[in-house]
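In what follows, a structure is listed as structure tokens, so that the remarks can point back to it.
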Amino acid sequence: MKICWDNLEGLRYSKKTGKWRGNTTYIYKESCKNCGEPYLSAEKSTGDFCSLKCSSTGINNGMYGKEVIVTNETKQKMSISHMGHFVTNETRLKISKSNKNKIFTQEHKDRISKSHKGKKLSKEHKDKISNTLKKYFRKYPEKHPNRRLAGNRKKWTYPEKLAAKWLDNENISYIYNKRILNFYPDFSINNLLIEIDGKRWHDPIKDNIRDSKLQAEGYQIIRIDAKVVIEGLEKYKPIILEA
């Protein structure tokens with residue numbers, strides 16, 4: 001149905017049928033507050049946006065300070081209103097389920113990133129995040145970033161990067177992930193093999209079987225805990241230099 005801008009009385013747009021019908025009186029508004037485009041609006045409507053998308057964007061832009069400046073007094077009022085408000089585990093699970101497999105647009109990601117820019121976390125907050133992650137990775141060690149990288153020979157774990165940096169500083173030449181039999185030791189220096197181990201995901205039984213096969217081929221193996229690498233490899237220097 002073609003719309004005549006001068007005679008919109010008695011029309012209502014239906015999304016289901018794609019037609020204009022009903023008894024609502026429409027008026028023509030010159031510009032949307034967000035996009036600036038002209039649009040149809042019900043006469044009784046007090047909104048300033050042409051669509052839900054523009055309304056959402058407009059409100060969010062205001063929260064970021066483009067249109068609305070939130071005073072310290074308002075912030076304090078908001079803070080007081082949230083005091084003592086606890087989210088139950090049931091609510092957290094509902095939020096988690098609703099966000100699962102949700103695909104965010106780049107625009108949405110940029111907005112989230114912008115909202116966190118310049119935000120400083122207190123030491124208490126940082127410790128809380130740290131302890132939460134530690135508990136999670138103790139329960140699910142296979143989810144730890146270093147464990148995931150350990151199975152991907154194209155990417156280096158953080159302890160491996162530190163070990164490589166130390167070797168480079170000492171001018172010790174090495175080969176990273178050189179294939180020997182069906183194994184890929186972290187660092188090969190002649191007949192010396194250096195393995196950087198994370199305790200949470202290494203299996204001692206499998207490591208012993210692997211080591212015995214490599215030793216049978218004439219290789220010497222040093223296994224260094226990832227935490228020790230962070231502290232430094234000075235105590236292993238004599239053994240490495242002998243290789």
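Rule-based calculations on the coordinates, nothing more; no lab input. The structure displayed is predicted, hence computed values, not measured ones. So basically every Cβ, Gly included, is an ideal-geometry build from the backbone, and we count neighbours across all protein chains shown.
Karplus-derived 3J(HN,Hα) values for region 163-177, using 6.51 cos²θ - 1.76 cosθ + 1.60 with θ = phi - 60°, are 5, 5, 5, 5, 4, 5, 5, 8, 6, 9, 7, 8, 10, 8, 6 Hz; glycine and proline are entered as x. Rounded to the nearest 5, what is the percent of antiparallel bridges among the DSSP beta bridges in region 148-242? That works out to approximately 50 percent antiparallel.
Shown in residue order for region 104-112 are the 3J(HN,Hα) couplings computed by the Karplus curve 6.51 cos²θ - 1.76 cosθ + 1.60 at θ = phi - 60°: 8, 6, 4, 4, 5, 4, 5, 5, 5 Hz (x for Gly and Pro). Distances between placed amide hydrogens fall under 5 Å for PHE187 paired with ASN177, ILE194, all partners being 5 or more residues away or on another chain. Across region 216-225, computed HN-Hα scalar couplings (Karplus, 6.51 cos²θ - 1.76 cosθ + 1.60, θ = phi - 60°) run 5, 8, x, 9, 9, 10, 10, 9, 10, 5 Hz from first to last residue, x flagging Gly and Pro. Using equal-weight Cα scatterers in the Debye expression, the normalised intensity of region 148-242 in log10 at q = 0.14 Å⁻¹ is -0.48. Annotation: amide H-H contacts under 5 Å for ASN34 (H modelled 1.01 Å from N, sequence separation of 5 or more, or interchain): CYS50. Legend: residue pairs LYS123/LYS178; LYS100/LYS128; LYS97/LYS117; LYS134/LYS165, Cα-Cα distance threshold 32 Å; pairs beyond threshold, LYS123/LYS178.
On full extension of the chain, what length is gained from LYS135 through LYS97, given 0.36 nm per residue of separation minus the C-alpha to C-alpha distance?
Answer, rounded to one decimal: 11.6 nm.
Backbone amide hydrogens, once placed in the peptide plane, bring ILE221 within less than 5 Å of LEU193, excluding anything fewer than 5 places away on its chain. Working from label points 7 Å from Cα in the Cα-to-Cβ sense, the ASP48 to GLU170 distance is 6.7 nm.
Equivalent-ellipsoid semi-axes (√(5λ), Cα gyration tensor) for region 169-219, whole Å, largest first? Let's see the in-between values first.
Details: eigenvalues 77, 44, 15 Å².
Rounded to whole Å, the semi-axes are 20, 15, 9.
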